[in-house]
Amino acid sequence: MKMNTSRSQSKVYIEIVESIREMIQKDGLQPGDRLPSERELSESLGVGRSSVREALRSLELLGLIETRRGEGTFIRDFKDHRLVELLSTFILTDGKVQEDILHTLFSVEQACLLLMKRQATFHTDVFNELLHADKNENGEHLWRKLFSVLDNRLLMKIWSILYEYVHPLNRETNISVESFQHLIQALVNGTEEDVILQYRRIRNLSDA
């Protein structure tokens, strides 16, 4: 696929990154697999090697690929790395963006909880486990355990990404197990209004 080199350098750079991403997806490449060389990418994309080099450097900075001297460039197993935290240092420096992330997370969490409430009878095992959680249980584990019952994988993924963004902001507090169990009790025996009330208390939202 040849690119239009008359476009601005920034657009060429973005297109190269996108083309590499599409190539990885199309070829089913996995962590540890080797990418084509700079020369090969330059020829196949119809762009200069310097532009390819800059695109690869950005992907390496993000922890998506790694260059091994004398061997080539390889896809990195980035799942164990805090990629979201790295991106946050660039994306979430603006206060308005931070607030938008938090408000979106709160909205998604409330939507998830209402969905769980309507399907509460299907999640009794998990709810019972959370009701008997150790008093020193980590807050993050409690949230992840609760939202693991969602049968909407896309919603779960959206929540997980938003939640990951909250950690670098240092805005996620370790909730008490007792307050979390009040939320579970509301999911089991309360009304939808009870669920939202308990949630907003946990999140210290002003109108709770």
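Taking a cut-off of 13 Å between Cα atoms, list the aspartates and glutamates near Lys26, but don't count ones fewer than 8 places away on the same chain.
Here the aspartates and glutamates satisfying the reach criterion relative to Lys26 are Glu18.
Using modelled amide H (1.01 Å from N, peptide plane; none on Pro or chain starts), what sits under 5 Å from the amide H of Ile65, excluding residues fewer than 5 places away?
Here Glu60, Arg76 satisfy the definition.
Among the aspartates and glutamates, select those whose C-alpha is under 12 Å from the C-alpha of Lys145, and discard any that sit fewer than 8 residues away in the same chain.
Asp125, Glu129, Glu137
To the nearest 0.05, what FRET efficiency results for Arg57 and Asp77 with a Förster distance of 22 Å applied to their C-beta separation? Don't skip to the answer; put the middle values down first.
Working: r = 19 Å, r/R0 = 0.88.
The calculated FRET efficiency here is 0.70.
Students often check this: by mean Cβ neighbours within 10 Å, which of 136-145, 45-54 ranks highest, and how do the rest follow? Mind showing how you got there, number by number?
Details: 136-145: 14.4, 45-54: 16.9.
The peptides rank, most packed first, as 45-54, 136-145.
How large is ³J(HN,Hα), in whole Hz, for each residue of the stretch 44-52 in order, when computed from phi with the Karplus curve 6.51 cos²θ - 1.76 cosθ + 1.60 and θ = phi - 60°, using x for Gly and Pro?
Ordered by residue, 3J(HN,Hα) equals 6, 9, x, 10, x, 5, 5, 5, 4 Hz.
Using a simple spin-label model with points 7 Å from Cα along the Cα→Cβ vector, what separation in nm is obtained for Asp100 and Glu193?
With each label point 7 Å from Cα toward Cβ, the separation is 3.4 nm.
Return the sequence-ordered ³J(HN,Hα) values of the stretch 20-25 in whole Hz as given by the Karplus equation 6.51 cos²θ - 1.76 cosθ + 1.60 applied to θ = phi - 60°, using x for Gly and Pro.
Coupling constants for the stretch 20-25: 5, 4, 5, 5, 4, 5 Hz.
In nm, give the distance between the simple-model label positions of Gln25 and Thr67, each being 7 Å from the Cα along the Cα-to-Cβ direction.
2.6
In nanometres, what is the gap between the two model label sites at Asn204 and His132, each 7 Å from Cα along Cα-to-Cβ?
With each label placed 7 Å out from Cα toward Cβ, I get 3.2 nm.
Taken together, the values in this text are just the output of simple stated rules run on the coordinates, not laboratory data. Here the structure is a predicted model, which means the values were calculated and not measured. Here Cβ is always computed from backbone atoms with ideal geometry, including for glycine, and neighbour counts include all displayed protein chains.
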